[in-house]
Amino acid sequence: MHTLILCLGICSAFALGLKLPNPDEKSEKIVGCYTTGGDLAELDLLCTHMFYSYVGIDKDASIQIIDPYEDIEGQGYIEFNDLRKKNPKLKTLISIRNNDNHLLPNITNIDSPYRVVTDPALQEKLVNNIVNFVKKYGFSGIDLDLTDTSEFGGHPSDKGNLVSSLKALREKFDKEGLILSVLVDPNEETAKRFYDIKGISKYVNFINLRTFDFHGISDAEKKVGHTSPMYSSSKENAEDRKKNIDYVVKYWISQSAPPNKLILGTASYGTSYTLANSKQIGRGALFSDVGSYATSIEGTLEYFNVCLLLKKPEWKHLYDEEQQVPYIYYENQIVAYESVESIKTKVIYAEEMKLGGVWIYSVHQDDFGGVCGEKYPLLKTVNRVLEKKL
């Protein structure tokens with residue numbers, strides 16, 4: 001695979017006083033891949049950064065391995081990090097997420113002693129535990145999941161204390177040559193309440209925008225929507241017009257996030273709905289329940305299952321011109337999904353906005369086995385667009 005180009009914003013980083021680990025004259029566009037293990041063949045060549053999901057943070061700031069049998073006894077960590085032996089340029093990161101609501105205080109217990117990030121003593125312990133964990137198992141760095149914050153309340157100082165924790169991590173990581181990234185929620189209100197975007201941007205290498213899950217089965221209005229619309233629809237209300245990639249990217253840039261530190265998130269799964277009226281289809285149509293083809297209670301349907309439906313002649317195609325996303329439908333069933341073409345549109349957008357790259361969740365929901373033809377068609381589309389081959 002040709003070398004991809006990632007703009008990590010060296011000049012901007014120096015202006016912000018940020019020292020990047022292992023700086024290189026030539027940097028690459030990020031192709032980020034989230035995985036929970038499994039078949040890792042080819043991924044060392046298709047991804048520049050891989051994220052292993054996940055470990056938790058406990059109330060005493062310790063790192064909790066969620067599945068010791070798979071990760072340790074089954075040598076999940078070893079196999080994952082050994083990919084760097086095949087491709088030394090590959091970066092392997094461990095995803096760290098809140099475990100039992102300890103990253104930020106619970107709104108019903110605002111004075112809880114388990115304020116891991118905002119308690120100075122626990123903060124130092126947390127930083128040391130993270131560094132020790134990463135070094136022990138041989139990861140290139142961490143991806144800190146900050147997407148659960150909408151479930152929490154907290155003190156006004158929490159935004160600043162989060163930045164303080166990232167600063168402390170940055171200082172330790174610089175000494176060890178480690179990568180620090182964060183995964184953030186796309187909701188503007190969440191960002192306003194919990195994220196000091198300028199401060200976060202100063203201390204992380206890059207920011208993974210979760211620019212999907214904008215709509216789904218849990219939507220209160222029970223109206224069909226795409227998980228990751230490119231743009232707003234003229235038929236949406238003011239609040240829904242914020243639920244799209246274009247709005248989120250421009251909001252983060254307006255709040256002083258360097259574009260080349262923003263990594264655009266894409267999903268390799270769709271959402272399956274049962275329509276309330278089979279004659280009303282597409283965005284805004286009422287749905288009554290999870291779709292019959294869904295493989296989870298959230299209505300998700302992996303691309304390797306979607307592609308099988310695409311081969312059936314009875315399923316009809318619908319393309320939303322305004323939002324630039326596809327649907328397929330049959331009788332009272334409709335699936336909002338990502339296609340090769342919609343992924344291509346999003347990667348081109350990331351290029352035009354001079355973003356730092358694109359990440360996909362998750363690579364094993366793509367057609368990793370090639371059941372419909374080419375293996376990893378969505379992930380390979382990301383690569384081809386960035387390499388100017390598509």
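The values are calculated or read from the model by the stated rules, or taken from the named source; none is laboratory data. Keep in mind it's a predicted model, so treat the numbers as computed, not measured. We place every Cβ from the backbone using ideal geometry, glycine too, and count neighbours over all the protein chains shown.
Test of understanding: among Glu338, Glu298, which residue is in contact with a helix residue (DSSP H, G or I) (Cβ under 7 Å, 6 or more places away or on another chain) and within 28 Å of Leu209 (Cα to Cα)?
On the way: Glu298 fails: in contact with a helix residue (DSSP H, G or I) (Cβ under 7 Å, 6 or more places away or on another chain).
It is Glu338.
Which one is farthest from Lys29 (Cα to Cα), of the residues in the range 214-225 that are of a type outside the set (A, V, I, L, M) and surrounded by 21 or more Cβ atoms within 10 Å (Cβ to Cβ)?
Filtering the range 214-225 down to residues of a type outside the set (A, V, I, L, M) leaves 214-216, 218-219, 221-223, 225.
Then keep just the ones that are surrounded by 21 or more Cβ atoms within 10 Å (Cβ to Cβ); that gives 214-215, 225.
Details: Phe214: 25, His215: 28, Gly225: 30 Å.
Looking at residues that are of a type outside the set (A, V, I, L, M) and surrounded by 21 or more Cβ atoms within 10 Å (Cβ to Cβ), I get Gly225.
Based on what the data block shows, is Ile66 loosely packed, with under 14 Cβ neighbours inside 10 Å, at pLDDT 95 or above, more than 30 Å from Val385 (Cβ to Cβ) and among the aliphatic types (A, V, I, L, M)? So that I can check it myself, show each step before the final result.
Details: loosely packed, with under 14 Cβ neighbours inside 10 Å: yes; at pLDDT 95 or above: no; more than 30 Å from Val385 (Cβ to Cβ): yes; among the aliphatic types (A, V, I, L, M): yes.
Here the answer is no, as Ile66 does not meet what is asked.
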Checklist entry - Looking at (1) hydroxyl-bearing (Ser, Thr, Tyr); (2) within 16 Å of Gln333 (Cβ to Cβ); (3) part of a helix (DSSP H, G or I), can you tell me which one Tyr251 breaks? => result (2)
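Residue check: is Asp185 surrounded by 22 or more Cβ atoms within 10 Å (Cβ to Cβ) and at pLDDT below 95?
Numbers: surrounded by 22 or more Cβ atoms within 10 Å (Cβ to Cβ): no; at pLDDT below 95: yes.
So Asp185 fails the test.
Just to verify a result, which residue in the range 260-279, among those that are surrounded by 15 or more Cβ atoms within 10 Å (Cβ to Cβ) and assigned to a loop (DSSP other than H, G, I, E, B), is farthest from the chain's Cα centre (by Cα)?
We begin by selecting, within the range 260-279, every residue surrounded by 15 or more Cβ atoms within 10 Å (Cβ to Cβ); these are 260-276.
Cutting the leftovers down to assigned to a loop (DSSP other than H, G, I, E, B) gives us 268, 276.
Working: Ser268: 11, Ala276: 31 Å.
The qualifying residue farthest from the chain's Cα centre (by Cα) is Ala276.
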Next on the checklist: Cβ-Cβ under 7 Å, sequence separation 6+ or interchain: first residue in the range 51-69 and without any contact (Cβ under 8 Å) to a residue 12 or more places away in the chain and farther than 15 Å from Thr147 by Cβ, partner surrounded by fewer than 17 Cβ atoms within 10 Å (Cβ to Cβ) and among the β-branched types (Val, Ile, Thr). Which pairs?
Outcome noted: Ile65/Ile72
Checklist entry - Just wondering, is there one or more residues in the range 133-144 that are part of a loop (DSSP other than H, G, I, E, B), within 20 Å of the chain's Cα centre (by Cα) and modelled with pLDDT of 85 or more? => result yes
Checklist entry - Looking at the range 68-85, which of its residues are closer than 23 Å to Leu46 by Cβ, of a type outside the set (Ser, Thr, Tyr) and part of a helix (DSSP H, G or I)? => result Glu70, Asp71, Gly76, Ile78, Glu79, Phe80, Asn81, Leu83, Arg84, Lys85
Item to check | Any pair with Cβ under 7 angstrom, 6 or more apart, that starts in the range 131-146 at a residue that is β-branched (Val, Ile, Thr) and ends at one that is crowded, with 22+ Cβ neighbours inside 10 Å and assigned to a loop (DSSP other than H, G, I, E, B) | outcome: Val134/Leu178
